[in-house]
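What follows is a short report on a single structure.
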Amino acid sequence: MSSSLLDLVAALPTSDGWGPPVSNETMLDGVPFAPYSKGDKLGRMADWTEGKDRDGRPGRQQYGRNYREQQVYGGGQNNPFAIQAAEEEATFSVVDNTRTSARTRGFGRGGGTVFRGRGQRGGQAQRGGRGTFQRVGGRGGQQYDNRGGRGGRGGRRFGWRDDKPQRNRDASVAVRPDWNLLEEMDFGRLSKLNLDVGEGEDLDSYGFLYYYDRTYDKQPGAKTSERKLNVLERAAYNVTTSSDPIIQELAEKDEATVFATDNILSMLMCATKSVYSWDIVITKRGSKIFIDKRDGSNLDMVTVNENATDAPLEISEGNKDSMNSPGALMLEATHINNVFPLQVVLESQTSKLSMPHEHPFYNEEEETDPPASKAYRYRRFDLSLERDEEPLTLIVRTELDAVMKNNINGEDQFMTIKALNEFDNKAQGSGGALDWRTKLASQRGAVLATEMKNNSCKLARWAVQSILAKADAMKLGFVSRANPKNNNDHVILGVLTNKPRDFAAQMALNLNNGWGIVRTIVDMCLKMDDGKYILVKDPNKSIIRLYAIPENTFDEDVDDTPAVAEEDEE
């Protein structure tokens, strides 16, 4: 070892470890040295929490509240600058000033606690109220209001999408005590299902169709295209699956395992988009499954702004305008969709298109009104999987509303006809809809996009029904009130034409997911005993439940009527 290296080693201090010598000196040029730790958090350069603003009000108290839990720079060591306590204060103990739990806060009347956000000055209704978050106390529950802002309007929202009060809607059917809950499925699970089903095959067609009136295809929103909606008396039918004589014949011939109508099946396939409650009755007889609806079921009703962020309120929820309540809007929309397809066709006995078989429900001897333009296609779809030992097929009755000649080759094109309705774009529940009379001509895409957002479940069902029927086109009418304060008179503002599959793709509608839901429900029912079951959408949650119900459920009222009549005759 060289002499220079030996000298260096000899100069090292005789202490444990390496590094500079440790000094016990706590003064640096006469100034106390404040040690610190790398784990200390940097605090404020200055604290103005005890000051007052220019208006004489307390300063930024909230700043101190938000940051008082942070550790001050150098707080991990003893502060040499602190004033030493006098000897007579040595017997005092230090009180813990860290934030305590909520139970130490004072509660006002009703147990309410008020929290205000950063920089809050005054209440929500005062100038400068920003980001107010209030929990309004009261017995039996909590309500949240997150509407802060200047003057209590349009403030900055700090909450999430669940900050609004919970809407308590009524169920479509009351669950009875003798119903047995079998399955409970949330929308998260249902939305992951997938089943690729082919185009399907036609079995038979019934009824007839009138040709569509092309004059309604003028520029939507233009004054020349505005027409009054007329009420025409025509015989129309919406027969459930089990009561359909054609389906009964097909079931006797073992043509399929599952039977349904497009109206019922579309609700099941679009279940994950629904908000309102609905129910479907399922009957298993041997190896056959019939998917039905109840008499008076809301499946026959057309909803309005069901998916809107601020959906229409019920009368019990504070809606003072009864004609714009959900129930009244559903009746209005259903009426429009019943009469609109009748008006946009050319009724001519010489130019109508008749199907191979006659109308399955119309009886000339009993009906006083002429039949409506309607064709029924019975189509079969294969729901089988590779692991299935036997094929699993479904027969669905689909509906078509009109026919139109192709301009290029002159072939007949089948179509479905539906109608969107505008009630009052300034009323509560309008969902931010644009004024159709002024915007439909210039901003047609924006109007349609808003409807897709506010009525995604309804439009998805219409698209599914058109695809099931193998329709070439889907006519979508825009019908508005002649006066926003009158829900009896309406005008047709225009009609748009869409191809069903293109329209479904525009809505990001996954048809394979719908078939996966159908197959899952069918598999559940096939494993069960023969009997009657009901599938109910929870009115306030994204859940559907499957119940086993007595065989005579929903038939009691029908059975009681003849018995009363016989007693009266006696």
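Readers should treat all values here as calculations from the given coordinates under stated rules, not as data from a laboratory. Remember, predicted model here, so these are calculated numbers, not experimental data. Neighbour counts run over all protein chains shown; Cβ positions are idealised from the backbone, glycine included.
Show me 456-468, 406-418 ranked by packing, highest mean number of other Cβ atoms within 10 Å first. Each step should come with its number before you reach the end.
On the way: 456-468: 25.3, 406-418: 14.5.
Final packing ranking: 456-468, 406-418.
Between L181 and N540, what length in nm is gained on full extension when 0.36 nm per residue of separation is reduced by their alpha carbon distance?
Details: separation 359, 0.36 × 359 = 129.24 nm, distance 1.77 nm.
Additional length available on full extension: 127.5 nm.
Find how many whole Å separate the alpha carbon centroid of region 484-516 from the alpha carbon centroid of region 301-355.
Centre-to-centre (Cα) distance: 13 Å.
So, in nm, how far is label N488 from label E365 when the simple model puts each one 7 Å beyond its Cα toward the Cβ?
Calculated label separation equals 3.9 nm.
For the pair N409/K352, report the inter-label distance in nm, with labels modelled 7 Å from Cα in the Cβ direction.
In this crude spin-label approximation the distance works out to 2.7 nm.
Go ahead and run the numbers for FRET between D388 and K192, Cβ-Cβ distance against an R0 of 25 Å, rounding to 0.05. Intermediate values should be presented prior to the final figure.
Details: r = 21 Å, r/R0 = 0.83.
FRET efficiency, D388 to K192: 0.75.
What is the sum of charges, Lys and Arg at +1 and Asp and Glu at -1, for the other residues whose Cβ falls under 10 Å from the Cβ of A251?
Details: positive: K253, R285, K288; negative: D244, E249, E252, D254, E255.
Residues near A251 contribute -2 overall.
At T497 and D530, where each label point lies 7 Å from the Cα along Cα→Cβ, what is the point-to-point distance in nanometres?
5.1 nm
So, R0 is 30 Å and r is the distance between the beta-carbons of E314 and Q506; what FRET efficiency does that work out to, to 0.05? Don't skip to the end; give the middle numbers.
Values: r = 32 Å, r/R0 = 1.06.
Efficiency computed from Cβ-Cβ geometry: 0.40.
Under 14 Å from the Cβ of I264, count the other residues' Cβ atoms, weight Lys and Arg +1, Asp and Glu -1, and hand me the total. Walk me through the numbers before you get to the answer.
Numbers: positive: K293, R294, R397, R461, K537; negative: D244, D262, D279, D292, D295, D300, E399.
So the surrounding residues net to -2.
So for T303, T241, T334, T215, fewest C-beta neighbours within 10 Å to most, what's the order?
Details: T303 22, T241 26, T334 16, T215 12.
Fewest to most other Cβ atoms nearby, the residues stand as T215, T334, T303, T241.
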